[in-house]
1. Given the rule -39500 (n - 2.57) for each run of at least 4 DSSP H residues, summed and divided by the residues of the chain, what is its mean residue ellipticity at 222 nm, to the nearest 500 deg cm²/dmol?
2. Which whole-Hz ³J(HN,Hα) couplings does segment 5-16 yield from phi under the Karplus relation 6.51 cos²θ - 1.76 cosθ + 1.60, θ = phi - 60°, glycine and proline marked x?
3. For segment 54-160, state the average projected area of the convex hull of the C-alpha atoms over all orientations, rounded to one decimal in nm².
4. In Å and whole numbers, how far do the C-alpha atoms of segment 104-236 stretch along each principal axis, longest first?
5. Taking Cα atoms of the chain, Rg/Rh with Kirkwood Rh, to two decimals?
6. Step through the table entries LYS35/LYS137; LYS11/LYS137; LYS137/LYS184; LYS11/LYS74; LYS11/LYS133; LYS184/LYS216, compare each Cα-Cα distance with 22 Å, and write down the pairs that go over it.
Amino acid sequence: MSIDLGSEWVKVAVVNLKAGQSPIAIAINEMSKRKSPALVAFSNGERLLAEEAAGIVARYPERVYSGVREMLAKPKQAVQEQLQANHLPYNVVADSRGRASIRIHDGSASYSSEDFVAMLLTYARHLAEAHSKAVVKDAVILVPPYFGQAERQALLDAAQIAGISVLSLVNEHSGAALQYGIDKDFTDGSRDVVFYDMGANSVYAAVVHFSAYPGKDRGKNVTFQQFQVSANKKGRDA
């Protein structure tokens with residue numbers, strides 16, 4: 001499976017190589033939607049995820065937790081400032097590492113950002129398994145290009161908590177460039193393309209160079225296509 005974990009939404013695709021079936025398909029959720037809210041909630045002793053969590057956000061905003069991806073590997077002060085800017089009423093505490101954790105509304109437990117992300121990844125895995133009707137443990141996960149080593153490692157830790165084997169972390173613009181180039185022909189000349197992504201918390205653009213080169217495959221002359229990210233620039237969404 002591939003998991004696009006954004007600040008506001010989660011999207012899941014499944015790769016299936018069985019004959020007679022589409023090789024890549026989007027896994028829909030319980031509401032037959034192609035994307036799910038990236039929300040975790042705790043209410044009346046139960047944990048609610050995605051659509052179920054979205055169903056109570058209007059009545060109990062203090063019980064529904066959003067933007068958890070952006071909390072990965074962040075210290076308490078940075079997360080507090082982020083939450084204040086977004087007017088989110090969460091109780092932030094520091095864990096033993098000095099990183100931010102969230103104490104849920106009733107004070108019964110505290111969860112780290114890795115815990116919250118693991119809950120969303122587990123939900124994504126369940127969608128993939130419901131779609132494929134098989135156990136799915138291997139995943140490629142998209143990450144923002146501005147994620148540093150600490151954020152990427154925290155995401156890998158969250159995947160491990162969720163019981164997911166991460167084959168690769170792929171930058172979001174690289175995933176978009178791969179999809180763009182699948183059905184294009186660059187043998188007649190190279191091409192530069194700008195990919196622009198306006199997300200919930202940030203805006204960034206990437207310049208990608210597409211080209212082709214000759215080579216051999218099993219002794220035959222073939223043309224390979226490739227792309228290279230030339231530059232990317234991030235800014236705050238405002």
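1. -7500 deg cm²/dmol
2. Result, ordered by residue: 9, x, 5, 10, 9, 10, 10, 10, 10, 10, 9, 10 Hz.
3. Seen from a random direction, the Cα hull of segment 54-160 projects 8.0 nm² on average.
4. The Cα atoms of segment 104-236 stretch 63, 40, 25 Å along the principal axes, largest first.
5. 1.02
6. On the way: LYS35/LYS137 20 Å; LYS11/LYS137 16 Å; LYS137/LYS184 31 Å; LYS11/LYS74 24 Å; LYS11/LYS133 18 Å; LYS184/LYS216 20 Å.
Cα-Cα > 22 Å for LYS137/LYS184; LYS11/LYS74; rest within.
Rule-based calculations on the coordinates, nothing more; no lab input. Fair warning: this is a prediction, and the values are worked out from it, not measured in the lab.
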